[in-house]
Protein chains: 2
Amino acid sequence: MTAVPPPPGSTGWRREVGAERGNDSVTRIDDVARLAGVSTATVSRALRGLPTVSAATRRRVLAAAEQLQYAVSPSASRLAGGRTGTVAVVVPRITRWFFGTVVEAVEEFLHQAGYDLLLYNLGGREQVRQRVLRTANLHKRVDAIMLVATPLRPADLTALAELDLPGITISSGSTVPGWPCVRIDDVAAARTATRHLLDLGHRRIAHISGDPTDELAFTTHTDRRRGYQEALRHAGLRPDPSLDMESQFTIAGGNQATTELLARGEPPTAIFAACDEIAMGALTALRDAGLRVPQDVSVIGVDDHDLSGVLGLSTIAQPAAEQGRLAARLLLDPLVAGTVEPYAGRVPTPRGAGADDATTSPPVILPTRLVVRESTAPPRAH
Amino acid sequence: MTAVPPPPGSTGWRREVGAERGNDSVTRIDDVARLAGVSTATVSRALRGLPTVSAATRRRVLAAAEQLQYAVSPSASRLAGGRTGTVAVVVPRITRWFFGTVVEAVEEFLHQAGYDLLLYNLGGREQVRQRVLRTANLHKRVDAIMLVATPLRPADLTALAELDLPGITISSGSTVPGWPCVRIDDVAAARTATRHLLDLGHRRIAHISGDPTDELAFTTHTDRRRGYQEALRHAGLRPDPSLDMESQFTIAGGNQATTELLARGEPPTAIFAACDEIAMGALTALRDAGLRVPQDVSVIGVDDHDLSGVLGLSTIAQPAAEQGRLAARLLLDPLVAGTVEPYAGRVPTPRGAGADDATTSPPVILPTRLVVRESTAPPRAH
DNA sequence: CTGAAAGCGCTTACAG
DNA sequence: CTGAAAGCGCTTACAG
């Protein structure tokens with residue numbers, strides 16, 4: 001699908017040309033201009049705070065706009081100015097703690113800066129991802145893009161490059177040429193969690209992470225699994241594939257994986273869950289199996305989900321809101337400063353995946369923190 | 001603030017008039033028209049699926065659009081057509097389970113219908129609410145508004161009436177004249193929860209709900225408190241003010257209120273929390289106080305939060321996603337059917353709060369369901 | 001510092 | 001069923 005037709009509409013209604021303009025019509029820029037005794041160009045400049053307007057004129061324009069309850073028409077402004085004042089924010093699932101928290105922080109920042117937030121929730125639907133990333137859907141619709149934990153294939157990267165919009169990624173493995181990235185060090189976080197269990201004396205440590213074929217958080221899965229394995233190896237242990245479960249980043253996924261794990265025979269003495277939601281699912285499954293936490297099995301996750309404190313879940317805390325705020329700032333700063341040209345109908349030479357990496361700065365890594373609660377303790381045998 | 005200036009921008013860049021138009025410029029409607037050998041009017045009609053285009057012409061236009069990778073410019077289309085293809089969705093806090101779940105369902109429905117979703121997260125900031133509701137901010141920016149659990153004061157209602165946009169509310173107490181409302185019966189839900197505790201034999205039943213002065217979910221608080229009191233009275237009990245706590249609809253709020261409740265002396269044998277998040281906070285506080293659930297204190301909430309199963313929390317389940325989907329459908333149906341005229345610059349006679357109630361249909365009430373888990377049991381004395 | 005005028009890229013009566 | 005032309009309401013070189 002190339003052309004994106006607007007929603008089928010009615011036959012339409014439009015103010016008749018030359019019709020009376022009493023208080024039956026909404027204020028337009030020329031109404032303000034007339035009242036202020038200036039041209040529309042001056043109104044436009046004054047309202048946007050451009051420096052090339054005298055103080056006295058600006059005052060008159062603002063007063064007139066106030067009096068007439070004038071608000072600029074976004075459509076007209078966008079068409080004429082080439083800027084949309086809108087940012088697309090793409091998340092895998094807004095209902096997951098991390099993404100909801102990020103979006104909340106981003107929303108506040110964007111709206112304070114006067115930008116609108118267009119929300120795209122992939123919801124696990126691959127077709128949505130394709131529509132968002134690969135078609136001209138975002139074209140002319142937003143000034144910038146924020147991708148949160150969105151895995152990108154080569155074809156996606158090409159599509160993004162063709163879009164030629166500024167953007168930023170959060171918690172992303174795939175680097176988009178020219179886009180900054182804000183994230184935590186997933187490998188280190190996993191290492192810390194696993195080491196915490198090792199330090200307590202655990203040796204049979206299971207891992208539950210995402211399905212590697214699941215596109216939703218590909219690199220997060222991989223990185224956290226790697227940290228787990230590195231910590232084990234560093235302790236002289238060989239990762240046991242039968243203790244390494246692939247699942248979903250959800251409570252249900254954690255529950256199911258843990259149940260399956262327990263069915264395999266001798267249970268582990270500890271579980272490192274790749275996120276707190278998985279850990280919560282593990283907690284249920286363990287309880288249902290009659291195993292106590294932490295006496296029989298220790299559990300640790302990653303995130304510091306709002307509920308982790310309630311559950312007494314040990315975890316690796318990551319600053320979700322801060323990642324969102326920082327990313328929003330890094331994204332908007334160049335736009336506001338005017339260092340980025342507004343979209344103007346050019347089609348650039350596609351840069352392609354990794355073609356232009358030289359201009360891409362290294363990811364901004366935010367710190368994580370081990371939070372020890374009641375779900376981790378030394379194994380019983382000790 | 002009346003005029004909403006766009007974000008300060010750069011000096012601008014624009015394609016030079018008469019400049020070469022090789023593959024250096026993005027496809028416009030006249031490129032498609034030329035390739036298809038028709039006028040731009042016909043391209044516009046064909047792409048939007050209007051019936052007044054012959055099959056053969058439509059085919060040629062679609063092929064040309066496909067070949068040129070044409071995508072309509074939203075700004076131009078909106079300015080010319082008077083429709084934005086965008087819906088504003090206002091929620092108190094996207095991070096809370098109910099709102100995240102609603103937004104996820106709404107997002108899917110809107111995007112499938114070809115609409116964009118502009119997200120407004122109030123985040124407890126009153127100034128944001130005012131900016132969203134009372135200024136011309138939404139004016140000309142969206143085709144419709146969805147307010148989720150947004151309390152409305154008379155001034156807000158006046159502002160919404162002046163906006164003259166179609167809208168819908170979810171879980172709202174304030175009725176907006178002319179707008180449908182989708183919700184559950186909060187009074188009945190609270191009654192059922194309380195009756196469940198009464199049926200188990202409880203008599204000292206505490207309630208933790210929202211702060212009545214908190215604007216964020218005003219009627220939800222009130223309704224659930226009313227259901228609680230009604231159930232008590234129906235059982236011949238007089239509501240005890242010392243067992244009725246005012247708090248926030250959050251885990252922290254529930255925690256704090258419960259702690260305070262326990263400090264007052266003899267603890268209740270059961271707690272009805274106005275939402276699951278409050279209930280989760282209560283769970284922690286009880287545990288910290290050395291009280292067991294349900295042996296010492298029973299706890300029930302409202303929502304059926306994703307984690308309630310994990311925690312074994314009894315609750316009144318409400319269909320959050322379904323409320324979102326249904327509301328989105330009710331909102332879009334008239335727009336898509338064309339029964340609603342596109343925005344066209346008229347300023348209607350403000351209808352004011354409750355002025356036009358006759359045209360407002362009664363709320364659509366979705367059913368709730370008592371889910372008994374492990375957090376409720378008969379009191380020990382029994 | 002300000003204004004006249006062109007232009008942004010579409011959609012819509014209107015006429016055929 | 002289709003096209004020519006006006007118009008949507010702004011912003012921006014350009015000229016002063």
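The values are calculated or read from the model by the stated rules, or taken from the named source; none is laboratory data. Everything numeric here is computed off the predicted structure, so don't read it as measured data. Cβ atoms come from the backbone with ideal geometry, glycine included; neighbour counts cover every protein chain shown. In case anyone asks, the SASA skips ligands and DNA or RNA and just uses the protein heavy atoms, side chains included. Shrake-Rupley method; radii C 1.70, N 1.55, O 1.52, S 1.80 Å.
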Original post:
In terms of the Cα gyration tensor, with a ≥ b ≥ c the square roots of its eigenvalues, is the stretch A:186-318 rounded because a/c is under 1.5, prolate because a/b exceeds b/c, or oblate?
Top reply: rounded
Subject >> Solvent-accessible surface (1.4 angstrom probe) belonging to A:Arg287, in square angstrom, nearest 10 >> reply: 100 Å²
Subject >> Surface per residue (accessible, 1.4 Å probe) for the stretch A:186-318, Å² >> reply: 36 Å²
Original post:
If you rank B:Val364, B:Val372 by how much accessible surface each has, with a 1.4 Å probe, what is the order from largest down?
Top reply: B:Val372, B:Val364
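Summarise the accessible area of the stretch A:85-211 (1.4 Å probe, protein heavy atoms) by the percent that is carbon and sulfur.
Ligands and nucleic acids excluded, carbon and sulfur give 46 percent.
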Original post:
Among rounded, prolate and oblate, which fits the stretch A:126-248 when a ≥ b ≥ c are the square roots of the eigenvalues of its C-alpha gyration tensor, a/c under 1.5 means rounded, and a/b larger than b/c means prolate?
Top reply: prolate
**OP:** Report, as an integer, the average count of C-beta atoms from other chains found within 10 Å of each Cβ along A:303-310.
**Re:** 5
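Quick check: at a probe of 1.4 Å, how many percent of the accessible area of the stretch B:29-72 sits on carbon and sulfur atoms? Display every interim value, and only then the final one.
Details: 1320 of 2370 Å².
About 56 percent, which is the carbon plus sulfur part of the accessible surface.
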Original post:
Averaged over peptide A:120-129, how many Cβ atoms belonging to another chain are found within 10 Å of each residue's Cβ?
Top reply: 3
Original post:
Which distances, in nm and shortest first, link the A:Thr57 label point to the same label point in every other copy, taking 7 Å along Cα→Cβ?
Top reply: 4.7
Original post:
When Cβ neighbours within 10 Å are restricted to other protein chains, what is their mean count per residue of peptide A:248-260?
Top reply: 1
Original post:
What order, most packed first, do the peptides B:51-62, A:65-76 have when packing is the mean number of other Cβ atoms within 10 Å of each residue?
Top reply: A:65-76, B:51-62
Subject >> Probe 1.4 Å - accessible area at B:Leu165, Å² to nearest ten >> reply: 10 Å²
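Give me the summed buried accessible area for the B-A pair, 1.4 Å probe, to the nearest 100 Å². It would help to have the intermediate numbers written out before the result.
On the way: alone 19310 and 19300 Å², together 31070 Å².
Chains B and A together bury roughly 7600 Å² of accessible area.
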**OP:** Could you sort the residues of the stretch A:82-113 by number and keep only those whose accessible area is reduced by 50 Å² or more in the all-protein-chain setting relative to the chain alone, 1.4 Å probe?
**Re:** A:Arg83, A:Ile94, A:Thr95, A:Glu104, A:Glu107, A:His111
Subject >> Three-way shape call for the stretch A:71-181 based on the alpha-carbon gyration tensor, with the a/c threshold at 1.5 >> reply: oblate
